[in-house]
Amino acid sequence: MSEASQAKNKESNAQDFEREPVPAHLRKKWLSMSLVWIAIGIDLSAMFLGAELGNGMNLSDSLTATVIGSVILGLIGALCAFVGAKTGLSTAMISRFLFGNVGARIVSIVLGIFSLGWFGVQVGFFASNMHTAFDKLVGMDLPLGLLSFIGGLLMMSTAIWGYRSIERLSVWSVPLLVIFIGIAVFTAFKTKGASAIWEPISGSPIPMGTAISLVIGIFIVGTVLSPDIGRWARTPMHAVTAAFIGFFVGNSFMTIIAIFLSRLMDTDDLTNIFIALGLGLPAIIVLTLAQWTTNTNNLYSASLGFSVVFQRVPKKLITVIAGILATLLAVFGIYDKFLSFLNVITSFVSPIGGLYTAEYLLVNREKFTFEGIERNKNWIIRSLAVWVLATLFAYMTTPSPDGFGWFQLTRVPALDAFIFAFIVQWIIGKIMSKKG
């Protein structure tokens, strides 16, 4: 191979293709992609949800709710990843086919703000749990701001280099996480005995419908953004397989583990469970890796969204600036006040998945070609109108004070918005096509 060819390959391997399709020769097989999605799904939110379910439901009910919710997430994630694999484009780029070249910038800003805001929240969440771990283990009262700053920079480091860096992190972190969590479960069973998992619940009872909605709600927006990863699949089948396995296993694994730990230890305080089992160092490693693998993807999705808006700015620079801003939000404690805002943004983001899957699968997939993207209209009012209606629908099913609380559909407003957007986009799209 000539030096010119080697240089070209090296340059290609360094690119993240944020504004164009991922080349076929760089696409990945389903196994490595599954590990990426599993790593993204293994996070502190899933662990604490599992502890809450284990404390408020008997074992069989909590496991049933987790499996049902995770299957639904896997199916939606596979559907969205399929579109990403077929087009080779990110969620933000796909939105150009739906909303027009100018309209897509609004959508990309919303996607970027959501992902950036969630990055800041998760950094603050990470810092809070690390503060508890260091305080209980070594008596060090480290400032939350310092822990947020360190955590933010750590999670930003892999997002800067794009998908392939996230893949490398996932390949070695997932087995390590499984090993340490396996040690925790083994130690808990040995300490408390298997009979403890069948003890009556000690917390407030959680209805089955509420439990399933919690399992879905914790990761529904991640499924909408799955083209960001799915575009790297070698074939659509690789994308579908990887996404279903990743969302199902990634979302359910930590939740189920946390259910067992909370049942065995009779508490939903996961950090203290690890410490009570004498697993101080594994606790810190699990906390760090679980949040790192998830949160680096939040910043990655944010940078992909802003790359569509700021088309002349290099993606690495966008990632650095966005990462620093989100880290500063966490340092100054904004994550506490950001949660209500993020619930609002969720209602805006979820319908986008329903829109592009309906448009691609049922309305007009021929227009989803990168070669013709510049010939798109600046604004596509039909999709913008459905997006607004679906967002309003989410507010109608969201309990007050965050929403109108007029009625309930699935108990998950984000899922309501996805389904509503899918159906309405399909119907209106077909009607407009016949008129055209």
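Each of the peptides 306-318, 63-75 was scored by the mean count of other Cβ atoms within 10 Å over its residues; in descending order, highest first, they stand as 63-75, 306-318.
When the chain is described by a simple charge dipole with +1 on each Lys and Arg Cβ and -1 on each Asp and Glu Cβ, the residue from M432, I68, L261 located farthest towards its positive end is M432.
Here I179 and S157 are evaluated by their C-beta separation; at R0 = 25 Å the FRET efficiency comes out at 0.60.
In sequence order, segment 74-86 has phi-based couplings of x, 5, 5, x, 5, 4, 5, 5, 4, 5, x, 5, 5 Hz under the Karplus curve 6.51 cos²θ - 1.76 cosθ + 1.60, θ = phi - 60°, and Gly or Pro positions carry x.
Given 4 °C and 1.567 mPa s, how large is the Stokes-Einstein diffusion coefficient of segment 102-158 in µm²/s, with Rh as the Kirkwood radius over Cα pairs? So the translational diffusion coefficient is about 101 µm²/s.
Post the alpha-carbon centroid distance, segment 369-398 to segment 82-105, in whole angstrom. Between the Cα centre of segment 369-398 and that of segment 82-105, the gap is 11 Å.
List the residues of segment 347-363 whose backbone N lies under 20 Å from a point placed 7 Å from the Cα of L392 along the Cα-to-Cβ direction. Answer for segment 347-363: 347-356.
Please report the relative contact order for the chain, taking Cα pairs under 8 Å with a sequence separation of at least 6, and give it as a percent rounded to a whole number. Relative CO of the chain lands at 32 percent.
Shown are T241, T319, whose ranking by accessible area with a 1.4 Å probe and every protein chain present, most to least, is T241, T319.
Estimated from helical segments only, the mean residue ellipticity of the chain at 222 nm is -25500 deg cm²/dmol, where each DSSP H run of four or more residues counts as -39500 (n - 2.57). Taking a Cβ cut-off of under 14 Å around A133, the surrounding Lys, Arg, Asp and Glu residues balance to a net charge of -2, with basic ones at +1 and acidic ones at -1. The phi-based Karplus calculation (6.51 cos²θ - 1.76 cosθ + 1.60; θ = phi - 60°) puts the 3J(HN,Hα) values of segment 260-267 at 4, 5, 5, 5, 5, 9, 6, 7 Hz, whole numbers, x for Gly and Pro.
For segment 307-318, putting each phi into the Karplus relation 6.51 cos²θ - 1.76 cosθ + 1.60 with θ = phi - 60° gives couplings of 5, 6, 7, 9, 6, 9, 9, x, 4, 4, 5, 4 Hz, in residue order, rounded to whole numbers and with x for Gly and Pro.
Remark on K28: its backbone amide H falls under 5 Å from those of A233, R234, a criterion applied only to residues 5 or more positions apart or on other chains, H modelled at 1.01 Å from N. Here the simple spin-label model places points 7 Å from the Cα toward Cβ, and for N58 and N272 these points are separated by 2.7 nm.
Across the cross-link table entries K315/K430; K377/K430; K86/K377; K316/K377, which are compared at the Cα atoms, the separations over 25 Å belong to K315/K430; K316/K377.
Counting protein heavy atoms only, segment 238-303 has 68 percent of its accessible area on carbon and sulfur, 1.4 angstrom probe. Scoring 99-105, 167-173, 249-255 by mean Cβ neighbours within 10 Å over their residues and listing the highest first yields 249-255, 99-105, 167-173. Highest mean first, the peptides 132-145, 351-364 sorted by other C-beta atoms within 10 Å per residue fall in the order 351-364, 132-145.
The values are calculated or read from the model by the stated rules, or taken from the named source; none is laboratory data. Remember, it's a predicted structure, so these values are computed and weren't measured experimentally. In this analysis, Cβ positions are derived from the backbone assuming ideal geometry, glycine residues included, and neighbour counts consider all displayed protein chains. SASA here: full protein model, heavy atoms, side chains in, ligands and nucleic acids out. Shrake-Rupley method; radii C 1.70, N 1.55, O 1.52, S 1.80 Å.
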